[in-house]
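Notes to accompany the following structure.
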Amino acid sequence: MPEMPEVETVRRGLISQVKGKKITNVEIRYQNLITGDVQQFIDMVTGTTIEDIGRRAKFLLIHLDNGFTIISHLRMEGKYRVSADPAMIDKHSHAIFTLDDGQKLIYNDVRKFGRMQLWRTSDLAGNKSIAKLGPEPLSDEFTFENVKPRIMRHRKDIKTVLLDQSVMSGLGNIYVDEVLWSAKLHPETPANHLNDDDIKNIIKYSNEEMKMGIEAGGSTVRSYVDSTGHAGHMQNFLHAYGKEGTPCSRCGTEIEKIKVGGRGTHFCPHCQVIK
């Protein structure tokens, strides 16, 4: 699933490709992609100009000049491509936005899990999906004072807690494994067993991982590509995720893979001891 660095990379690519372009036609081929009335979505988006592309956690925000924003969640396999080549449109192309320069903004989604919703831009904070999000790394709100009580109120394992987007947002399975490896925290440690230094390390390494991920263009572990079709490179710098059976780069102990909260979880049994 695309996480914060991947969505940020897509955002940056789309800004250079579609910002300032007018949407002359909208075709929705998979009706369930749209949350709300599909025809109303089409009517309200057609004829608008894309003012900017924003992001909140894993949500892509396509701001239109009519005071509305398309809130887009890529989920597992969602991708955007910009092209004038008809061959880029296939059976997995579920939304096609024709632009005034002849190009098309194409949303592809093999699994059909992604969703789009039109929402008034001035009230984005009131959207149900946006409102429940916790502070995200690299933001002014991502502070010890904000993050500590959100983590410490939970008795569940820290892996599950960090995946909860209402606690802190933007991180998914890959980056949570990396943050816990860097912080030397066992993924099954109860969240309320952590001390202040542990919380500070989670904040520190979450910021570092997100910054590295963005600079690397995201992680391409399965099928992620950015809006220009390029894969990310962060997977080349991972220490835990997907490394089961290989030596820990810190101590040499074999990385293990277990299930935590139903999610495949990678950790070093020597460096990350449960509290």
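The values are calculated or read from the model by the stated rules, or taken from the named source; none is laboratory data. This one's a predicted model, so the numbers in the text were calculated from it and none came from an experiment. Reconstructed Cβ throughout: ideal geometry from the backbone, glycine too, with neighbour counts over all protein chains shown. For the accessible areas, the whole protein counts, side chains as well, though only heavy atoms, and no ligand, DNA or RNA atoms are used. Shrake-Rupley method; radii C 1.70, N 1.55, O 1.52, S 1.80 Å.
Odds and ends about this structure:
- Just so you know, in the stretch 116-156 the residues that are within 20 Å of the chain's Cα centre (by Cα) and part of a strand (DSSP E or B) include one that is surrounded by the most Cβ atoms within 10 Å (Cβ to Cβ), and it is Met116.
- Those residues of the stretch 21-39 which are over 17 Å from Phe113 (Cβ atoms) and open to solvent by less than 20 Å² (accessible area, probe 1.4 Å), in sequence order: Ile23, Val26
- One residue stands out in the stretch 161-173 among those that are of a type in the set (A, V, I, L, M, F, W, C) and in contact with a His (Cβ under 9 Å, 6 or more places away or on another chain): the one that is surrounded by the most Cβ atoms within 10 Å (Cβ to Cβ), namely Val161.
- Residues (surrounded by 19 or more Cβ atoms within 10 Å (Cβ to Cβ) and either of a type in the set (Gly, Ala, Ser) or not in a helix (DSSP H, G or I) (or both)) located in the stretch 1-20: Pro2, Glu3, Gly13
- Residue in the stretch 95-113 that is buried (at least 20 other Cβ atoms within 10 Å of the Cβ) and assigned to a helix (DSSP H, G or I) present: no
- Checking each residue in the stretch 157-181 for being under 14 Å from the mean Cα position of the chain (by Cα), assigned to a helix (DSSP H, G or I) and not polar (S, T, N, Q) picks out Leu162, Leu163, Ile174, Tyr175, Val176.
- Just one residue in the set Gly252, Gly245, Gly229 is surrounded by fewer than 18 Cβ atoms within 10 Å (Cβ to Cβ), touching a strand residue (DSSP E or B) at 6+ places or on another chain (Cβ under 9 Å) and modelled with pLDDT of 95 or more; that residue is Gly245.
- The set of residues in the stretch 63-94 that are among the β-branched types (Val, Ile, Thr), in contact with a Ser or Thr (Cβ under 9 Å, 6 or more places away or on another chain) and outside any loop (DSSP other than H, G, I, E, B) comprises Thr69, Ile71, Val82.
- Answer residue from the stretch 40-62, given it is without any contact (Cβ under 8 Å) to a residue 60 or more places away in the chain and in a loop (DSSP other than H, G, I, E, B) and is surrounded by the most Cβ atoms within 10 Å (Cβ to Cβ) among those: Thr48
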